[in-house]
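Asks: Can you read through this structure? Questions will come right after.
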Amino acid sequence: MKQRRLVLALIDLLFVNAAVVIALAVWALRGDKDLRDLLTTQAYWFGLFSILWLCFEYLSGLYDLRIVAQLRATMRALAQTFLLVLVAYLLIFFSMPTELPRGIVVYHGIAAMTLIALWRGAYIRVAPFRRRALIVGAGEAGREIARVIRSQFQTHYDVIGFVDDDAAKQGQRIEGLTVLGTRADLTRLVQEHRVAEIILAVTRSLSDDLFAALLDAQELGMDIVPMPLVYEEVTGRVPVRYIGDSWYVALPLRHASSDGLYGALKRVFDVTIALIGLSVFALMLPFLALAIKLDSPGAVFYAQPRVGQGGRLFRVLKLRTMVRDAEPNGQAVWAARNDPRVTRVGKILRRLHLDEVPQFWNVLRGEMSIVGPRPERPEFVAQLEKQIPFYRLRHAVKPGLAGWAIAHADYVDSVEDARLRVEYDLYYIKHQSLGLDVWILFRAIGHVLAFKGR
């Protein structure tokens with residue numbers, strides 16, 4: 001997967017720099033200048049545009065292989081990248097002395113978007129780097145990874161079929177793929193179909209015969225990847241239902257928060273963003289408080305117990321968005337879409353996520369982080385720990401204002417929704433880094449600007 005991202009980045013860079021040449025050529029023609037002279041005196045724009053485009057392509061998701069596989073999502077991310085580059089360029093233009101005309105970024109942007117759009121579109125249609133794979137195990141886990149690859153990841157994988165020891169499944173079509181044989185046929189099938197990767201979708205302990213067959217395949221140069229790891233790449237989630245005996249493959253036995261440097265940098269990041277957020281919130285508070293008061297009787301702020309890191313309880317601070325006594329019998333109730341208890345002003349606050357802004361105070365107190373799993377109420381935690389495997393692992397890190405799960409599955413009003421969020425949260429805990437934190441924060445800001453609230 002890393003090699004594919006590297007190829008994408010290198011070819012993107014090629015076209016970004018080709019677009020610089022095109023933009024300078026247009027400038028030379030329109031301004032009666034010498035192109036060779038411009039290529040010499042303005043060479044630093046090759047480096048600047050390369051950095052801007054790579055950074056903003058990353059933030060827009062153009063190196064997320066799930067987005068890369070979809071034409072519409074790719075074009076949307078590409079347009080977002082151009083807008084970000086345009087804003088950054090204009091900031092540079094008005095803050096630094098330069099000979100470049102303002103129109104140069106338009107020439108470059110049109111050229112770069114056209115070239116990259118054509119190349120990315122060809123990549124999706126032709127799929128030149130598809131990896132030929134074979135799935136070992138046609139049970140529930142095997143069927144699930146086949147379904148997910150076919151629906152979301154066909155640009156990256158060419159799955160030829162299944163291997164399964166169940167005699168009743170031989171020759172059957174499952175999720176559009178044929179069961180080609182048993183473990184005894186594994187080496188032959190790998191050689192015949194030039195397989196590059198074996199996806200191991202067996203949740204029970206491996207038999208000695210299957211283990212030996214896998215070793216034989218590995219000696220032929222095959223990559224053997226457990227189904228949970230492929231599932232993570234495809235969906236951005238840890239498949240808690242399909243881990244089985246291989247739980248150690250998918251869980252964060254050692255996560256980034258145990259790294260002292262990462263922890264210190266993340267705390268600086270948290271405090272900086274929280275101070276900026278609270279400063280802006282202080283300016284808005286008088287108007288927000290007046291609107292809440294005029295809309296419905298009750299307090300402006302609302303504090304509620306939540307479960308934090310290590311299972312410790314703390315009180316999360318929010319602006320009130322529901323009517324007073326929304327839970328009159330004291331029984332915790334799942335919040336729902338179009339919840340009738342939400343006030344008119346509360347709907348707007350939720351849409352813009354402004355009700356969550358007071359939680360910057362919880363971040364300053366060290367109870368929360370800017371990025372992390374959303375904290376849940378203790379009543380729901382007690383219920384969900386019994387029903388969802390590995391739910392408690394969410395408490396291995398500080399809860400956050402924004403999270404990987406929120407970027408993909410915002411609302412939780414059932415156990416099944418909570419299971420989905422846990423899968424995203426475990427992926428974040430396993431892969432967390434400052435780069436991922438910045439990307440999630442960027443996505444959260446995008447949700448607010450697009451009014452994708454609750």
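Asks: Just from the alpha-carbon atoms, what are the Rg and Dmax of region 168-227 in angstroms?
Replies: Taking only Cα atoms of region 168-227, I get Rg and Dmax of 11.6, 30 Å.
Asks: Taking the chain as the region of interest, what is the percent of Cα-Cα pairs per 10 angstrom bin, listed from the shortest bin to the one with the maximum distance?
Replies: 4, 17, 23, 23, 19, 11, 4, 0
Asks: Over the heavy atoms of SER433, what accessible area does a 1.4 Å probe trace out, to the nearest 10 Å²?
Replies: About 40 Å², ignoring ligands and nucleic acids.
Asks: For all pairs of alpha-carbon atoms in region 1-66, what percent lies in each bin of width 5 Å, listed from the first bin to the last filled one?
Replies: Pairs per bin, as whole percents: 4, 17, 23, 19, 13, 10, 8, 5, 2, 0.
Asks: Another question, then. Just subtract the alpha-carbon distance of LEU86 and SER205 from 0.36 nm times their residue separation and send over the number in nm, one decimal.
Replies: This chain segment gains 37.4 nm when fully extended.
Asks: Dimensions of region 23-99 along principal axes (Cα, Å, largest first)?
Replies: 44, 25, 18
Asks: Taking Cα pairs under 8 Å and at least six residues apart, what relative contact order does the chain come out at, in percent?
Replies: 11 percent
Asks: Normalised by the residues of region 153-218, what does the relative contact order come to in percent, with Cα pairs under 8 Å and at least six apart?
Replies: Value for region 153-218: 27 percent.
Asks: How high is the FRET efficiency from GLU140 to ARG5, r the C-beta distance, R0 25 Å, rounded to 0.05?
Replies: 0.25
Asks: Shifting gears a bit: If Lys and Arg each add +1 and Asp and Glu each add -1, what is the summed charge of the other residues whose beta carbon sits under 14 Å from the beta carbon of ALA291?
Replies: +4
Asks: I would also like to ask the following. Given only helices, namely DSSP H runs of n ≥ 4 each adding -39500 (n - 2.57), what is the per-residue ellipticity at 222 nm of the chain, to the nearest 500 deg cm²/dmol?
Replies: Helix contribution divided over all residues of the chain: -17500 deg cm²/dmol.
Asks: Which chymotrypsin sites (Phe, Trp or Tyr not before Pro) from region 119-195 combine a DSSP loop assignment with at most 13 other Cβ atoms within 10 Å?
Replies: Sites meeting the loop and neighbour criteria: PHE129.
Asks: Here's a follow-up. Show me the three semi-axes of the equivalent ellipsoid for region 337-447, from the C-alpha gyration tensor (sqrt of 5 times each eigenvalue), largest first, rounded to whole Å.
Replies: Sorted largest first and rounded, they come to 21, 19, 14 Å.
Asks: Using only alpha carbons, build the gyration tensor for region 66-215 and give me the equivalent ellipsoid semi-axes, biggest first, whole Å.
Replies: 48, 14, 13
Asks: Right, next: To the nearest 10 square angstrom, how much accessible area does ASP208 have with a 1.4 angstrom probe?
Replies: Counting only protein heavy atoms, ASP208 exposes about 130 Å² to solvent.
Asks: Given a cut-off of under 8 Å on Cα pairs at least six residues apart, what relative contact order in percent is computed for region 14-101?
Replies: 22 percent
Asks: How much of HIS353 can a 1.4 Å solvent probe reach, expressed as accessible area in Å² and rounded to 10?
Replies: For HIS353, the solvent-accessible surface is approximately 40 Å².
Asks: What are the trypsin sites (Lys or Arg not before Pro) within region 267-323 that DSSP puts in a loop, where the Cβ has at most 15 other Cβ atoms within 10 Å?
Replies: Filter output for region 267-323: ARG312.
Asks: So for the chain, if I pair up every lysine 8 or more residues apart or on another chain, how many of those pairs have alpha-carbons under 25 Å apart?
Replies: 16
Asks: What is the local net charge at ARG130, summed over the other residues whose Cβ is closer than 13 Å to its Cβ (Lys, Arg +1; Asp, Glu -1)?
Replies: Net charge around ARG130: +4.
Asks: Trypsin sites (Lys or Arg not before Pro) within region 1-110: which are DSSP loop residues with at most 16 other Cβ atoms inside 10 Å?
Replies: When the trypsin sites (Lys or Arg not before Pro) of region 1-110 are filtered for loop state and at most 16 Cβ neighbours within 10 Å, LYS33, ARG102 remain.
The values are calculated or read from the model by the stated rules, or taken from the named source; none is laboratory data. These numbers come from a predicted model, not from an experiment. Quick reminder, even Gly has a Cβ in these numbers, built from the backbone with ideal geometry, and neighbours come from all protein chains shown. These area figures cover heavy atoms from the full protein model, side chains too; ligands, DNA and RNA do not enter into them. Shrake-Rupley method; radii C 1.70, N 1.55, O 1.52, S 1.80 Å.
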